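Participant: Take this structure, written in structure tokens, and hold onto it; I'll ask about it next.
Laboratory data are not the source of any read-out in this text; all were calculated from the coordinates shown. For clarity, every value in this text was computed on a predicted model and none was experimentally measured. FYI the Cβ positions are ideal-geometry reconstructions off the backbone, even for glycines, and counts take in every protein chain you see.
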């Protein structure tokens, strides 16, 4: 989507993606090697009763869904950061996730005419319609050609 297509209040859906045990293990072993993400046998004995995905893995999946659903052909060039990030329910092997995003605000920068700014909230839901991740995101758009 182009910056001009984003409207305050619009809903954007993405996904689904199904999370596999090999993906959980590969991500965890490289980026978040805590035992409940990276050790299947030990995780069975833990608080969660089995392997769970890293929250950062869930965030990466959310980003992929947002790119596929809205950002892939846009003028987006980055983000100054996230607001709150909340991991609500563990993601497990076999879970199917989807993105439900709501655009909060769309504006041009007051100091730079070539900069568009979108704030939006993302909710990632599993196949049981449970929110597994909620986050507030800001995306920046290069509007140099339209300024």
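Participant: So residue 113 ticks every box in (1) on the phi > 0 side of the Ramachandran plot; (2) exposed (fewer than 14 other Cβ atoms within 10 Å of the Cβ) but one. Which box is left unticked?
Facilitator: (1)
Participant: In region 123-147, what residues are in a loop (DSSP other than H, G, I, E, B) and surrounded by fewer than 16 Cβ atoms within 10 Å (Cβ to Cβ)?
Facilitator: 127, 128, 129, 130, 144, 145, 146, 147
Participant: Next question, about the same structure. Are there helices (runs of 4 or more DSSP H) fully within region 23-122 with at least 2 residues that are in contact (Cβ under 8 Å) with a residue 40 or more places away in the chain? List them.
Facilitator: Passing ranges, in order: 55-66.
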